[in-house]
Amino acid sequence: MMTQAQRWAIRPGSDEYAAYYDRYVSRVPGDAAAALGGQLEQTLALVRDLPDARTQRGYAEGKWSIREVLLHIADAERVFAYRAFRIARGDATPLASFDENAYAPASRANDRTMRSICDELRAVRAATLALIEGLPDGTETRRGVASGQPVSARALVWIAAGHELHHRGVLEERYLG
């Protein structure tokens, strides 16, 4: 029986997720649970002291605002965690994809305060961590289908961690650079 740390330190094989997601999985150092547990405050620190007006606009025409990016991270993490939950529980039902470009405007992120968005993101992260900490040993390697592609519960946790790191890089390079 593996410890919790050992279970999430095993990087998923390339056969555990669609090639597209390697852009996220490859960003995660160490283990995915530790990354999820420690990286969010670093991401939020980047935007904590920005003036409200700056968080409500994109870096270019047609690009999401910082608020929309943060809610996108929360939305995507909810989806990844839900998929991991279903797959880890042995549900073989194929899981639908989601259209982040439809979710962003529907979130009405720019009508919310940064504090409420950051609080929501922290709550989503806490729920994700509670989920993965409670998954029984061996369920992380279960596989299912999401967005028409095979994926393991373990890969979804790594994807969630790398997805945030990807968007932190976008914030640093395009919004704050």
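Points worth noting:
- Scanning the range 84-104 for residues that are open to solvent by less than 40 Å² (accessible area, probe 1.4 Å) and in a helix (DSSP H, G or I) gives Ala84, Ile87, Ala88, Ala104.
- Residue selected from the range 143-170 under the condition closer than 22 Å to Gly90 by Cα and open to solvent by 30 Å² or more (accessible area, probe 1.4 Å), by the criterion nearest to the chain's Cα centre (by Cα): Ser147
- Any hit, the range 66-78, residues being over 16 Å from Ala153 (Cα atoms), part of a loop (DSSP other than H, G, I, E, B) and of a type in the set (Val, Ile, Thr): no
- Cβ-Cβ under 7 Å pairs, at least 6 apart or on other chains, the range 57-72 side more than 11 Å from Tyr175 (Cβ to Cβ), far side surrounded by fewer than 18 Cβ atoms within 10 Å (Cβ to Cβ) and among the acidic types (Asp, Glu): His72/Glu100
- Entry remark, the range 55-74: residues being out of contact with any helix residue (DSSP H, G or I) (no Cβ under 7 Å at 6 or more places or on another chain) and surrounded by 21 or more Cβ atoms within 10 Å (Cβ to Cβ) number 0 in total.
- Against the conditions (1) at pLDDT below 95; (2) over 19 Å from Asp137 (Cα atoms); (3) within 14 Å of the chain's Cα centre (by Cα), Pro29 satisfies every one except (3).
- Qualifying residue in the range 2-9 (condition: closer than 15 Å to Val170 by Cβ, among the hydroxyl-bearing types (Ser, Thr, Tyr) and either open to solvent by less than 50 Å² (accessible area, probe 1.4 Å) or in a loop (DSSP other than H, G, I, E, B) (or both)): no
- Number of the condition not met by Thr128 [criteria: (1) over 14 Å from the mean Cα position of the chain (by Cα); (2) open to solvent by less than 20 Å² (accessible area, probe 1.4 Å); (3) under 26 Å from Thr43 (Cα atoms)]: (1)
- Any hit, the range 105-117, residues being in a helix (DSSP H, G or I), open to solvent by 30 Å² or more (accessible area, probe 1.4 Å), hydrophobic (A, V, I, L, M, F, W, C) and touching a helix residue (DSSP H, G or I) at 6+ places or on another chain (Cβ under 8 Å): no
Per-residue answers, yes or no, for (1) within 17 Å of His163 (Cα to Cα); (2) of a type in the set (A, V, I, L, M); (3) open to solvent by 90 Å² or more (accessible area, probe 1.4 Å); (4) in contact (Cβ under 8 Å) with a residue 12 or more places away in the chain:
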residue: Asp15; (1), (2), (3), (4): no, no, yes, yes
residue: Asp22; (1), (2), (3), (4): yes, no, no, no
residue: Ala32; (1), (2), (3), (4): yes, yes, no, yes
residue: Gly37; (1), (2), (3), (4): yes, no, no, yes
residue: Ala53; (1), (2), (3), (4): no, yes, no, no
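- Exactly one residue out of Glu140, Glu100, Glu133 is within 18 Å of the chain's Cα centre (by Cα) and without any contact (Cβ under 8 Å) to a residue 40 or more places away in the chain: that is Glu100.
The values are calculated or read from the model by the stated rules, or taken from the named source; none is laboratory data. Note that the structure is predicted; figures quoted are calculated from it, not measured. Virtual Cβ from ideal backbone geometry, glycine too; neighbours counted across all protein chains shown. For accessibility, only protein heavy atoms count, side chains too; no ligands or nucleic acids. Shrake-Rupley method; radii C 1.70, N 1.55, O 1.52, S 1.80 Å.
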